[in-house]
Amino acid sequence: MAPGSPTPAAARLGAWFGWADAIEISQVLATPPGRAASEAARTESTYWASTELERLQAELASSFNHTELACESESISDGASLTELLVPYLQHFTQQQRVIESRTSAFRMRLRASLARASDELARLAQLDDYIERAMASPQLRAMAGLSALLETRARKHYAVDPLRWRARLCSDLQRLLRAELDQKLQPVLGLIEALSTHIPP
């Protein structure tokens, strides 16, 4: 690899696994598939997963909105500093991040259980996903923690442009960041659902 080239994704992912994880993953991969997929179980699980995914996305998208925070102001809030004005926005943002983490992780765990019931091959995939989720938990947490600082930077830019009408613009940024984080957290879920819904002829 040439100097300065981006580290390949596989290499970055491998760096997050410990030797114990590597042993467990190799054992899972070496296990030959046994029980074939149950078409009835696969169909039922796919319907449940798709329905639950739509409900989860709708509920989380609704919770991102905060009408009061988006209201415009006709004053500079009685001389309060921007740092003070930002407190409720950052609190709302971090709370929604916790909700995203909790709800998507719980759904992902239930989805893995659903895969495990469908077939041995899908159960093996569920095991691998469990290892990957645990290995990536800390790196993802560090990455997502930086979003609050990004949001604050955006707020200062909006405030500098218009100290009376910066809130709506900030709320728009806030919701975009939350939607992007949700999309990122749902990528593995979408992969599991695709695997569950894909019919592999015997």
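The values are calculated or read from the model by the stated rules, or taken from the named source; none is laboratory data. Predicted model only: the values in this text are computed from it and were never measured. No Cβ is skipped: glycine too gets one built from the backbone with ideal geometry, and neighbour counts run over all protein chains shown. All accessible areas refer to the heavy atoms of the entire protein, side chains included, with ligands and DNA or RNA removed. Shrake-Rupley method; radii C 1.70, N 1.55, O 1.52, S 1.80 Å.
Quick one: in the stretch 159-172, of everything that is surrounded by 19 or more Cβ atoms within 10 Å (Cβ to Cβ) and within 27 Å of the chain's Cα centre (by Cα), which residue is nearest to GLY79 (Cα to Cα)?
Selected residue: ARG167.
Is the stretch 54-62 home to any residue that is polar (S, T, N, Q), over 16 Å from LYS185 (Cα atoms) and modelled with pLDDT of 90 or more?
Yes: the stretch 54-62 contains one or more residues that are polar (S, T, N, Q), over 16 Å from LYS185 (Cα atoms) and modelled with pLDDT of 90 or more.
Residue-by-condition table, conditions (1) closer than 29 Å to ALA80 by Cβ; (2) assigned to a helix (DSSP H, G or I); (3) touching a Leu at 6+ places or on another chain (Cβ under 6 Å):
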site: ILE132; (1), (2), (3): no, yes, no
site: ALA137; (1), (2), (3): no, yes, no
site: ARG142; (1), (2), (3): no, yes, no
site: TYR159; (1), (2), (3): yes, yes, yes
site: SER172; (1), (2), (3): yes, yes, no
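Only residues that are among the aliphatic types (A, V, I, L, M), open to solvent by 40 Å² or more (accessible area, probe 1.4 Å) and farther than 17 Å from ALA49 by Cβ: list them for the stretch 173-199, please.
ALA180, the sole residue that qualifies.
Residue-by-condition table, conditions (1) of a type in the set (S, T, N, Q); (2) in contact (Cβ under 8 Å) with a residue 24 or more places away in the chain:
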site	(1), (2)
ALA113	no, no
ALA116	no, no
GLU121	no, yes
GLN127	yes, yes
GLU133	no, yes
ALA143	no, no
ARG167	no, yes
GLU181	no, yes
LEU196	no, yes
